[in-house]
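Values quoted throughout were computed directly from the atomic coordinates according to the rules given, and no laboratory measurement underlies them. Fair warning: this is a prediction, and the values are worked out from it, not measured in the lab. A quick note on method: Cβ atoms are made from the backbone with ideal geometry, for glycine too, and the neighbour counts reach across all protein chains shown.
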Amino acid sequence: MTTLYGSSRSRSARCLWALEELGVKYEHVPLQTTEVKTPEHLKRNPNGHVPVLEDDGNYIFESMAINLYLAEKYGKNSLWPADLPGHGRAYQWSFWAMTEVEPHLIAILRHRVLSPPEQRDEKAAQAAVEALKTPLKVLEESLTGREYLLGDTFTIADLNAAAVLSWAAMLRLDMSATPTAQAWFQKCLGRPANQKVRTLK
């Protein structure tokens, strides 16, 4: 039995997207942030966060770890690259999204949406927007001449990077300076599996 704990309004969305792409039969338990510190959930993840994957009696937390695990276990003929160099690049782009992109998006989100108005700092938000230009340029150059990050096939590398960047869509950030990356991003977000996740709790 495979179960994913966490609301689709959180980082759990990227794991739900992977499950849908892979066609894995799963149960979705849309835990809210108010429910993650319960003794029951702390047994699943002692950090008190979501997402958490339960798969054949094993618990895995951290969204990128979950997605890489799912792709390797269930995606041999779809999301998981066929060779070891491809595995390395899948790890590379997944961690790149978490370290080079997500912190800037979180800063923008905090200062333009999440924090009370009196605690927002538009200069900090704008600095994060400027900082994002560097990783987006890297993405643009890496996608030049290819459909997806690893070649002609959509893989877990694309899913993980696009899932992190999805906050940019919510924030309506301008990606027109990197048109190839923008087109790739819209193509990834438009996949039926991701569209289905957007309808979940």
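Brief remarks on what is shown
- Sorted by Cβ neighbour density within 10 Å, fewest at the top, the residues Phe185, Phe61: Phe61, Phe185
- Extension gain from Glu72 to Gln32, taking 0.36 nm per residue of separation minus the Cα-Cα distance: 11.6 nm
- Size-normalised alpha-carbon gyration radius of the range 2-78, reference 2.2 N^0.38 Å: 1.02
- Neighbours of Tyr59, meaning other residues whose beta-carbon lies under 9 angstrom from its beta-carbon, give a summed charge of 0 when Lys and Arg score +1 and Asp and Glu score -1.
- Convex hull volume of the chain per residue (C-alpha atoms, cubic angstrom): 123 Å³
- Looking at the range 83-174, the trypsin sites (Lys or Arg not before Pro) that sit in a DSSP loop and have at most 10 other Cβ atoms within 10 Å of their own Cβ are Arg172.
- Gap separating the Cα centres of the range 123-173 and the range 26-101, nearest whole Å: 20 Å
- For His104, His87, the sequence from fewest to most other C-beta atoms within 10 Å is His87, His104.
- Under 20 Å of direct C-alpha separation, and excluding same-chain neighbours fewer than eight residues apart, Lys201 reaches these lysines: Lys25, Lys37.
- In loop segments of the range 1-75 as defined by DSSP, the trypsin sites (Lys or Arg not before Pro) with at most 15 further C-beta atoms inside 10 Å of their C-beta are Arg9, Lys25, Lys37.
- The sum of -39500 (n - 2.57) across all DSSP H runs of n ≥ 4, divided by the residue count of the chain, sets its helix-only mean residue ellipticity at 222 nm to -16000 deg cm²/dmol.
- Likely footprinting exposure, Asp55, Asp152, fewest C-beta neighbours within 10 Å first: Asp152, Asp55
- Percentage relative contact order, the range 2-78, counting C-alpha pairs under 8 Å, at least six apart: 36 percent
- Cα-Cα separations in the range 84-191 greater than 15 Å, expressed as whole percent: 62 percent
- Fully extending the segment from Arg198 to Ala82 would add 38.8 nm, taking 0.36 nm per residue of separation and subtracting the current Cα-Cα distance.
- Environment charge at Asp121 (Cβ cut-off 12 Å; Lys +1, Arg +1, Asp -1, Glu -1): +2
- Beta-bridge orientation, the chain: approximately 75 percent antiparallel, per DSSP, counting only bridges with both partners inside.
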